[in-house]
1. Which of LYS9/LYS299; LYS6/LYS251; LYS10/LYS302; LYS223/LYS302; LYS6/LYS192 have a Cα-Cα distance over 20 Å?
2. Skipping prolines and chain starts, which residues have an amide H placed within reach, meaning under 5 Å, of the one on ALA150, given they are 5 or more residues away or on another chain?
3. What does the charge dipole of the chain about its Cα centre add up to, to the nearest 20 debye, if the Cβ of each Lys and Arg holds +1 and the Cβ of each Asp and Glu holds -1?
4. So if I place +1 on the C-beta of Lys and Arg and -1 on the C-beta of Asp and Glu, and nothing else carries charge, what would the dipole magnitude of segment 112-156 be about its Cα centre? I want it in debye, nearest 20.
5. With Kirkwood's inverse mean 1/r over C-alpha pairs for Rh, give me the Rg to Rh ratio of segment 128-271, two decimals please.
6. Using modelled backbone amide H atoms (1.01 Å from N, in-plane), which distant-in-sequence or interchain residues come within less than 5 Å of VAL92's amide H?
7. Anything in the chain that counts as a DSSP H helix reaching 27 Å or more along its axis (C-alpha) with Kyte-Doolittle mean of at least -1.0? List them, would you?
8. What is the projected area of the convex hull of the Cα atoms of segment 204-318, averaged over all directions, in nm²?
Amino acid sequence: MRLRDKILKKQRPVVVYEIIPPRIIDGSVESYAERISSLLSQTHIDAINIPEVHAEESRGKRPVEERERAEPREFGRIIQDLVGVEVIVNRVTVLQTSDSQRKWFETTLEEFGIENIVLVGGESSEINYPGPGVVESAEIVGELNEREGASFFVGGISLPSRTVESERMLSKSNVGVDFFTTQVLYQSDDIKKMLAYYQRVSEDSGQEPKRVLLSFAPISTKKNLEFLKWLGVEISQETEDFLLEDPENIKERSIETCLRILDEILEHVSTQNISVPIGLNVEHIMSYNFQYSVELLQKMSKRYRSFCLESSLFKLTG
């Protein structure tokens, strides 16, 4: 079954693993992909999600040094060939003109064989970017699908803490965005509210809500935590204190925290009869957290799949 069919089938669990392209200094992309293939043989995933990393000045100084990385589409093509699982490539839409973006979309499908993309907008509405926003970019992709026979499957980013996020999601779904991935979650209040609001505005508009992939990532060092905060992840002082009060066991505590947050979300979805389809997107953020992220992936996937099997809202039918 293709990834798009899995995501669109509400009753089916969907688990995605997100991994940044390797740094050039770490060796060939092929050897890195082989290592991924070996490690991911430990658990089942439906796709590999590959972000496109850009450091914008509005975030301030980057806590960790950035290195040159492999081109996401090239990495994705090798992953699809060697690992045998579909990839999702993220694309920041605002940094190049509409014509350049159209060409990028065409090349992504024709030369790299990648049809699953997540459209990512700018970080600030106060910046005058040269390129189109997510809605306009989704319209460009829709035009390529309709007029040129392309086969793109389009996702978007969801920021649960952002004001009227559910309305933003509805606007994006109206122009062809079929699923969303959230920002990394380290608290449950915002995402629980967003899922409830999103269901409400979808029902009011007569639409079915799109699937939302809940994103999680392990933390193994204080530098990891600072980097996530730099990326905009909401981490309460209470959670930060809990993670840092035992420096030798930050990783274990972060996994414990992630599992607790997932349980809180699943309980909320069940008790409030929220029918928004959900899935998992587990990230590693830093390359040395790779094995930790696989551990988190295995534990979260087990709980999530059990929930899907047992819940009347998401009962597995095939």
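1. Flagged as over cut-off: LYS9/LYS299; LYS6/LYS251; LYS223/LYS302; LYS6/LYS192.
2. ASN145
3. 700
4. 100
5. Ratio value, two decimals: 1.05.
6. VAL120
7. Span-like helices here: 250-271, 290-310.
8. Approximately 8.8 nm², given one-decimal rounding.
Since every read-out is calculated from the coordinates, none of them should be taken as a lab result. In this text the structure is predicted, and so the values were computed from the model without any measurement. Reconstructed Cβ throughout: ideal geometry from the backbone, glycine too, with neighbour counts over all protein chains shown.
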